[in-house]
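Colleague: I'd like to ask some things about the structure below.
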Amino acid sequence: MNISVFIANKYVKNKRDAKFLSLVSVISIFGIGLGVAVVIMALSILEGFDHVVREKIVKLNSHLQVTTFGRKNVSFNPDLISFTKKKLNGNVNSIAPYLSKEAIIKSRALSEGIFIYGIDPITDNSDIKSFIKSGKYRFSDYEGNPALIMGKKLAEKLFVKVGDKVTIFTLRMDSPPSETNPPAIQQFIVSGIYESGMAEYDDINCYANIKDVNEFLGFNNKVTGYNIKLNNITGLDSIEAELQNYLGYPYYVRSIYKVHQNIFTWLELQKEPVPIILGLIIIVAVFNIVGTLLMIVLEKTGAIGILKSLGASRKQIINIFLIQGFYLGLYGLIFGNLFAFSLSLIQKYFEVISLPSSIYFVSSVPISINPWHYLTVSVITMVMCLSTALLPSYIASKISPISAIRFE
């Protein structure tokens, strides 16, 4: 075994019992490990937020949304679908028309303001069915009566469950009510209750068959817009601009990033201070090594003097403390990675930490276990550990043998 490695092992371990690390080393390892775990958890949570929120928004909406200026309802245009597919050269996964309207929903207990969305069960690409917690994805009962699907939070507010009846009120023909144009009133059966975890949807959106909504509103095959899902969203902004120029007035094309600009801006703002905060955490953690090694230098001053008097070179002395810094960093990394991985698994599968979905768009802290986070943080931390170990190593190498022995 190399003499520097042998002596470094002795310095890291307790001289009385080689099976246990010394108290100073344990404190240093714990500090490094805790810093590494915090950094990894922060990155995992941020990526988890970004991934989950984006995925849910796209599932409930689309990559591109085509409406009209002023969001006026227009007649269904099958040519628009064929033109769009042709223009985007096979990049279209699906195109689904929808009809939306503000309305009031009333149960036996309460009334609430909602958006009712008319969707085509055949072409629907909102993937609302994947979020259904009770009931079924269907828009009529066994007798053919119209049915709707509502969010869990809304159902809890109205005290309704699957199979209950609710009444919806809204304007007919987009015109103020009058003797010749009374308000639209329709009774629906609750066929399903969904939960996306995003209060913005669960609290206000109801989904019904677009044919029933057209009839309810007094329209004849009208739509509010079209949801377009793509196979490849690379260069989504340029695709949006290209399609807008192609379709022209009165159509208005917006990407998912513009439709929900507030949410995506919030996600980006979360990432802004991350490099500074995480950098400070790592720096504080690895500076434990400087303090630990300097304490060991003071403690082992006499031993260093004896080594130098026996012929140990400056390079060997430096290597001893560099190897010791490497060991401390390695043990800290192992502890930090295992600790972060354990916490991530606990949160991912048991959702220990919950969040108010009305603020954070999700009901629990999302976790994304990405091996690159662990690798990147480990490499950066190890580099900083070795870098910070240079100072005490250099100080130890400059100690005079005679002064060291006298000091002892």
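The values are calculated or read from the model by the stated rules, or taken from the named source; none is laboratory data. Given the structure is predicted, the values throughout are model-derived calculations rather than measurements. Quick reminder, even Gly has a Cβ in these numbers, built from the backbone with ideal geometry, and neighbours come from all protein chains shown. Accessible surface areas use protein heavy atoms only, side chains included; no ligands, DNA or RNA. Shrake-Rupley method; radii C 1.70, N 1.55, O 1.52, S 1.80 Å.
Colleague: In this structure, does Gly70 turn out to be assigned to a loop (DSSP other than H, G, I, E, B), farther than 17 Å from Met150 by Cβ and over 31 Å from the mean Cα position of the chain (by Cα)? It would help to see each step written out before you state the result.
Modeller: Values: assigned to a loop (DSSP other than H, G, I, E, B): yes; farther than 17 Å from Met150 by Cβ: yes; over 31 Å from the mean Cα position of the chain (by Cα): yes.
It is true that Gly70 is assigned to a loop (DSSP other than H, G, I, E, B), farther than 17 Å from Met150 by Cβ and over 31 Å from the mean Cα position of the chain (by Cα).
Colleague: Okay, next question. Of these, Glu242, Glu268, which one is in a helix (DSSP H, G or I), open to solvent by 50 Å² or more (accessible area, probe 1.4 Å) and either touching a strand residue (DSSP E or B) at 6+ places or on another chain (Cβ under 7 Å) or within 30 Å of Val74 (Cβ to Cβ) (or both)?
Modeller: Values: Glu268 fails: either touching a strand residue (DSSP E or B) at 6+ places or on another chain (Cβ under 7 Å) or within 30 Å of Val74 (Cβ to Cβ) (or both).
Exactly one residue qualifies, and that residue is Glu242.
Colleague: Sort through Ala389, Ala312 and tell me the only one that's modelled with pLDDT under 80 and assigned to a loop (DSSP other than H, G, I, E, B). Give the steps one after another, and end with the answer.
Modeller: On the way: Ala389 fails: assigned to a loop (DSSP other than H, G, I, E, B).
One residue alone meets the criteria, Ala312.
Colleague: Do you know which of the residues in the stretch 131-149 that are over 30 Å from the mean Cα position of the chain (by Cα) and of a type in the set (D, E, K, R) is farthest from Gly192 (Cα to Cα)?
Modeller: Glu143
Colleague: A follow-up question, please. For residues that are over 18 Å from Asp212 (Cβ atoms), at pLDDT 90 or above and not aliphatic (A, V, I, L, M), scanning just the stretch 149-175, find the one that is least open to solvent (accessible area, probe 1.4 Å).
Modeller: Looking at residues that are over 18 Å from Asp212 (Cβ atoms), at pLDDT 90 or above and not aliphatic (A, V, I, L, M), I get Gly151.
Colleague: Determine the pairs where a residue that is under 15 Å from Asn245 (Cβ atoms), located within the stretch 75-92, has a partner that is modelled with pLDDT of 90 or more and part of a strand (DSSP E or B) with Cβ atoms under 7 Å apart, the partner being 6 or more residues away or on another chain.
Modeller: Matching pairs, first to second residue: Leu80/Tyr226; Thr84/Val92; Thr84/Ile95; Thr84/Ile228.
Colleague: Moving on. Which of the strands (runs of 3 or more DSSP E) contained wholly in the stretch 78-142 include at least 2 residues that are of a type outside the set (A, V, I, L, M, F, W, C) and open to solvent by less than 20 Å² (accessible area, probe 1.4 Å)? Can you show your working first?
Modeller: Numbers: elements: 92-106, 111-119, 132-135.
Qualifying strands (runs of 3 or more DSSP E): 92-106.
Colleague: For the stretch 214-241, enumerate the residues that are in contact (Cβ under 8 Å) with a residue 24 or more places away in the chain and under 13 Å from Leu88 (Cβ atoms).
Modeller: Residues satisfying the conditions are Tyr226, Ile228, Lys229, Leu230, Asn231, Asn232, Ile233, Leu236, Ile239, Glu240.
Colleague: Continuing with this model, one more query. Of everything in the stretch 192-221 that's touching a Pro at 6+ places or on another chain (Cβ under 9 Å) and assigned to a strand (DSSP E or B), which residue is farthest from Glu112 (Cα to Cα)?
Modeller: That would be Asn209.
Colleague: When the residues of the stretch 271-285 are narrowed to those that are without any contact (Cβ under 8 Å) to a residue 24 or more places away in the chain and among the aliphatic types (A, V, I, L, M), which ends up most open to solvent (accessible area, probe 1.4 Å)? Break it down stepwise before answering.
Modeller: Step one: of the stretch 271-285, the residues without any contact (Cβ under 8 Å) to a residue 24 or more places away in the chain are 272-273, 275-276, 279-280.
Remaining after also requiring among the aliphatic types (A, V, I, L, M): 276, 280.
Details: Ile276: 117, Leu280: 101 Å².
Checked the stretch 271-285; the qualifying residue most open to solvent (accessible area, probe 1.4 Å) is Ile276.
Colleague: Could I ask something else about it? So, in the stretch 173-228, how many residues would count as being over 17 Å from Ile149 (Cα atoms) and in contact with a Phe, Trp or Tyr (Cβ under 8 Å, 6 or more places away or on another chain)? Full working, then the answer.
Modeller: So in the stretch 173-228, the residues over 17 Å from Ile149 (Cα atoms) come out as 173-185, 215, 217-228.
If we keep only those that are in contact with a Phe, Trp or Tyr (Cβ under 8 Å, 6 or more places away or on another chain) as well, we get 173, 183-185, 221-227.
Final tally of qualifying residues: 11.
Colleague: Still on this structure: What single numbered condition from (1) over 20 Å from Ser111 (Cα atoms); (2) open to solvent by 40 Å² or more (accessible area, probe 1.4 Å); (3) outside any loop (DSSP other than H, G, I, E, B) fails to hold for Ser178?
Modeller: Of everything listed in (1) over 20 Å from Ser111 (Cα atoms); (2) open to solvent by 40 Å² or more (accessible area, probe 1.4 Å); (3) outside any loop (DSSP other than H, G, I, E, B), Ser178 misses just condition (3).
Colleague: So, one more: Can you tell me which residue in the stretch 347-378 is farthest from Ser28 (Cα to Cα), limited to those that are among the β-branched types (Val, Ile, Thr) and open to solvent by less than 80 Å² (accessible area, probe 1.4 Å)? It would help to see each step written out before you state the result.
Modeller: Taking the stretch 347-378 as the starting set, the residues that turn out to be among the β-branched types (Val, Ile, Thr) are 352-353, 359, 362, 365, 367, 369, 376-377.
Subset that is open to solvent by less than 80 Å² (accessible area, probe 1.4 Å): 362, 365, 367, 369, 376-377.
Values: Val362: 37, Val365: 30, Ile367: 28, Ile369: 26, Thr376: 21, Val377: 17 Å.
The extreme case among them is Val362.
Colleague: Then there's this: If you go through the stretch 230-239 one residue at a time, do you hit one that is open to solvent by 30 Å² or more (accessible area, probe 1.4 Å), at pLDDT 90 or above and more than 37 Å from the chain's Cα centre (by Cα)?
Modeller: no
Colleague: Is it fair to say Ile57 is assigned to a strand (DSSP E or B) and in contact with a helix residue (DSSP H, G or I) (Cβ under 8 Å, 6 or more places away or on another chain)? Spell out the reasoning first.
Modeller: Values: assigned to a strand (DSSP E or B): no; in contact with a helix residue (DSSP H, G or I) (Cβ under 8 Å, 6 or more places away or on another chain): yes.
No.
Colleague: Still on this structure, please answer the following. Given the structure, is Val36 open to solvent by less than 30 Å² (accessible area, probe 1.4 Å), modelled with pLDDT of 85 or more, in contact with a Gly (Cβ under 6 Å, 6 or more places away or on another chain) and more than 22 Å from Thr224 (Cα to Cα)?
Modeller: Values: open to solvent by less than 30 Å² (accessible area, probe 1.4 Å): yes; modelled with pLDDT of 85 or more: yes; in contact with a Gly (Cβ under 6 Å, 6 or more places away or on another chain): yes; more than 22 Å from Thr224 (Cα to Cα): yes.
So Val36 fits the description; yes.
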